[in-house]
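Student: The structure follows.
Please treat every number below as a calculation from the coordinates, not as lab data. Only a predicted model underlies this, so the values are computations on that prediction, with no experimental measurement involved. Backbone-built Cβ (ideal geometry, glycine too); neighbour counts: all protein chains shown.
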Amino acid sequence: MLGVGSGPSFLPFLVSALCLLSLPGCKRDLGECNLKWDRERPIQGPAAFDIVYRATDGLPMYEGQALVQSTCGDGSFCHAPAAVGADRIGVPAGLNFDVDLACTDVTDDPSCAQPLESCEGGQTDTLYCERLRNLQNNRNQVNNWAEGMIQEIRSGTMPPGEAGQRVRNNTPWIRTTDPDRPERSAELPSIDSSEGQEIVRNWLACQAPAIARTETPPLATDELELCQSVDNEICVYSGPSDLPDPTWSDIYFGIMFTDCVICHGPSNDNTDQNPNNPLDGIIPGGASDAGLTALNLTGADTADTTNWPAESWSAVVNALAADPGDCAGQGTLVIPNDSAGSIMVQKMRAMQTCGDSMPLGSFVSDSLVQVVEEWINQGALNN
């Protein structure tokens with residue numbers, strides 16, 4: 001009831017449900033649905049159940065789910081429930097397309113811990129169950145607006161021009177290797193490309209299936225395989241992740257640049273001259289004037305981010321929480337040798353006593369937070 005189901009009986013059930021689209025009166029604007037890629041099928045190209053994983057933390061999503069989530073608000077802007085006022089960039093209140101996972105880490109929400117209790121008659125009032133219900137509600141919104149979504153994506157009016165470029169999350173999503181499709185790119189293509197738009201079209205035509213939950217795989221061979229469903233939700237083990245070293249430069253480009261600079265940086269249309277830019281030359285920023293006022297995580301050279309880690313270090317280490325800001329006068333962002341007392345870690349772990357958790361509307365995996373904690377407990381050096 002709360003999510004799209006998984007398991008052996010799920011695929012035939014969904015196929016049967018989708019066959020109802022052929023009945024008179026059903027909308028056919030989205031074209032045919034390709035649930036699973038098969039060399040023998042007449043439909044070639046993307047499939048609704050093609051899985052990608054986020055490069056920074058192994059978070060799994062379906063390809064269409066990842067494209068819509070990362071470009072339509074990513075939990076913070078435009079079509080995200082957490083977005084209010086100017087952060088919606090003209091999107092009407094309630095028109096939410098957020099399809100983020102309901103549970104990504106037991107550290108963020110203990111109600112996700114195993115064995116997981118059902119949300120139907122069990123842990124009904126937990127944050128996890130609330131997020132699971134919200135995911136289903138937002139999927140319903142996506143399906144209700146599916147025809148209009150693909151039309152606006154194809155016309156280039158959504159995501160909306162420069163504003164859409166500012167708020168999208170450009171963290172790379174990695175595809176699993178498929179020897180039957182060697183022509184596919186290693187990374188998920190942009191929603192601006194014809195391939196990306198075809199991925200979204202097919203995902204929408206297949207009723208926008210969404211991975212709802214992930215667990216740490218018990219073995220490497222279990223990565224990106226289905227894990228046990230509890231409430232008919234789709235659970236997929238997390239994928240591989242390339243953890244940064246516990247140095248500020250690695251943490252900066254592995255976490256801050258990909259997840260934080262979008263709010264804590266100014267709008268920047270330059271192409272990055274830094275060859276180690278993890279976002280293929282894109283420089284994020286400009287999504288939140290308030291975020292930039294509170295904390296600037298960038299550097300002086302607006303076209304070369306090479307020195308941004310070293311230049312932004314003093315903005316966080318031994319830096320008092322900014323005024324104006326919800327945490328003004330209530331602590332220090334990073335206290336060397338004291339990760340537990342550092343506001344930055346508290347916000348990453350959603351254990352803060354002031355303001356919102358960070359990144360806004362999203363998660364940082366426990367393994368990444370542990371790297372940040374290790375760096376701080378080693379003295380939070382500018383290294």
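Student: Points 7 angstrom from Cα along the Cβ direction at ALA328 and ASN276: gap in nanometres?
Tutor: 3.6
Student: Quick one: compute the contact order of the chain, relative version, from alpha carbon pairs under 8 angstrom and 6+ residues apart, as a percent. Before the final figure, lay out each step's value.
Tutor: Numbers: 722 pairs, mean separation 70.6, N = 383.
Relative contact order for the chain comes out at 18 percent.
Student: Compute a Gaussian network model of the chain, connecting alpha carbons closer than 10 Å, and tell me which residue from GLN141, GLN352, GLN114 fluctuates the most.
Tutor: GLN114
Student: Let me ask something additional. When the gyration tensor of the chain is built from Cα positions, what are the square roots of 5 times its three eigenvalues, in whole Å, from largest to smallest?
Tutor: On the way: eigenvalues 241, 108, 82 Å².
Working through the eigenvalues yields semi-axes of 35, 23, 20 Å.
Student: Helix-only mean residue ellipticity at 222 nm, the chain, DSSP H runs n ≥ 4 weighted -39,500 (n - 2.57), per residue, nearest 500. What is it? Intermediate values should be presented prior to the final figure.
Tutor: Values: 11 runs with 103 residues, N = 383.
Using -39500 (n - 2.57) per qualifying helix, the result is -7500 deg cm²/dmol.
Student: While we're looking at this one, here's another question. Using the eigenvalues of the Cα gyration tensor, what equivalent ellipsoid semi-axes result for the range 248-377 when each is taken as the square root of five times the eigenvalue, whole Å, largest first?
Tutor: After scaling each eigenvalue by five and taking roots: 23, 16, 13 Å.
Student: Okay, next question. State to the nearest 20 debye the size of the charge dipole of the chain about its Cα centre, where the only charges are +1 on K and R beta carbons and -1 on D and E beta carbons. Can you show the working numbers first?
Tutor: Details: 20 positive and 52 negative charges, 202 e Å.
Rounded to the nearest 20 debye, it is 960 debye.
Student: Report the net charge of residues surrounding ALA319, where surrounding means a beta-carbon distance below 15 angstrom and charges are Lys +1, Arg +1, Asp -1, Glu -1. Please list the in-between numbers first.
Tutor: On the way: positive: LYS347; negative: GLU311, ASP323, ASP338.
So the surrounding residues net to -2.
Student: Of THR332, THR302, how do they rank once you tally other Cβ atoms within 10 Å and put the fewest first? Don't skip to the answer; put the middle values down first.
Tutor: Numbers: THR332 18, THR302 15.
The order, fewest Cβ neighbours first, is THR302, THR332.
Student: Based on the alpha-carbon gyration tensor of the range 111-185 and its eigenvalue square roots a ≥ b ≥ c, which shape applies: rounded if a/c is under 1.5, prolate if not and a/b is larger than b/c, or oblate?
Tutor: Note, shape of the range 111-185 comes out oblate.
Student: Where Lys and Arg each count +1 and Asp and Glu each count -1, what net charge lies around ARG139 among other residues with Cβ under 12 Å from its Cβ? Could you put the intermediate results ahead of the total?
Tutor: On the way: positive: ARG133; negative: ASP98, ASP100, GLU233.
Around ARG139, the charge tally is -2.
Student: Let me ask another. Got a sec? How would ASP178, ASP231 order by Cβ neighbour count within 10 Å, fewest to most? Please report the intermediate quantities before stating the final value.
Tutor: Numbers: ASP178 11, ASP231 20.
By the 10 Å Cβ count, ascending, the order reads ASP178, ASP231.
Student: Count the DSSP beta bridges whose two residues both fall in the chain, then state the antiparallel fraction as a percent rounded to the nearest 5. All intermediate terms of the calculation are to be shown ahead of the outcome.
Tutor: On the way: 9 of 12 bridges.
Percentage antiparallel, nearest 5: 75.
Student: Nearest 10 degrees is fine. How inclined is helix 194-205 to the longest principal axis of the chain, computing both from alpha carbons?
Tutor: Roughly 60 degrees, rounded to the nearest 10.
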